[in-house]
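Worksheet for the structure shown next.
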Amino acid sequence: MQLKSCPLLYVILLILVASFYYQALAISPSTIFGNWQPIPNVNVPEVLEIARFAVSEHNKKANVQLEFVKAVKGETQVVEGTNYRLVIIANDKAAGNAPGNYEAVVWDMPWKHFRELSSFVKV
């Protein structure tokens, strides 16, 4: 049995392919990569580890004595690795353990064993 060329079949196939392509474009890479996404639970071990790292690195860089208390909220951004933007409560030992809120951004690439504190500011 030999298949005959059928223009209608080609048109239907073209419409189906175009439809799938359009749906793929509806989920653009910018919705996955680059946009900040909220962290639903900042109390998971991975996020707490990042938060503690941020406080420890800030202490080394700024020669201060902050003590991590808890992570309040956070967001992630997929880049080459993951950026974590966290709001952290830390006690300032130099100010009589006065608590303060800080925003920290940490760049993490676990497969390269790389983690870097990008910024740490009082908010």
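The values are calculated or read from the model by the stated rules, or taken from the named source; none is laboratory data. Just so we're clear, the structure is a prediction, and the values are computed from it rather than from any experiment. Cβ: placed from backbone, ideal geometry, glycine included. Neighbour counts: every protein chain shown. Accessible surface areas use protein heavy atoms only, side chains included; no ligands, DNA or RNA. Shrake-Rupley method; radii C 1.70, N 1.55, O 1.52, S 1.80 Å.
When only residues in segment 106-123 that are open to solvent by 20 Å² or more (accessible area, probe 1.4 Å), out of contact with any Phe, Trp or Tyr (no Cβ under 7 Å at 6 or more places or on another chain) and not aromatic (F, W, Y) count, which is nearest to A51 (Cα to Cα)?
The qualifying residue nearest to A51 (Cα to Cα) is S119.
Which ones in segment 57-88 are touching a Pro at 6+ places or on another chain (Cβ under 9 Å) and either part of a helix (DSSP H, G or I) or open to solvent by less than 40 Å² (accessible area, probe 1.4 Å) (or both)?
Residues satisfying the conditions are G74, T76, G81, T82.
Which number in (1) among the aliphatic types (A, V, I, L, M); (2) touching a Leu at 6+ places or on another chain (Cβ under 7 Å); (3) modelled with pLDDT under 95 marks the one condition that A90 misses?
Unmet for A90, out of (1) among the aliphatic types (A, V, I, L, M); (2) touching a Leu at 6+ places or on another chain (Cβ under 7 Å); (3) modelled with pLDDT under 95: (3).
Name, by its number, the condition in (1) at pLDDT 70 or above; (2) farther than 21 Å from E116 by Cβ that does not hold for G81.
Result: G81 fails condition (2) only.
Go through segment 47-56 residue by residue and tally those that are in contact (Cβ under 8 Å) with a residue 24 or more places away in the chain and either under 11 Å from R115 (Cβ atoms) or open to solvent by 50 Å² or more (accessible area, probe 1.4 Å) (or both).
So the count comes out to 3.
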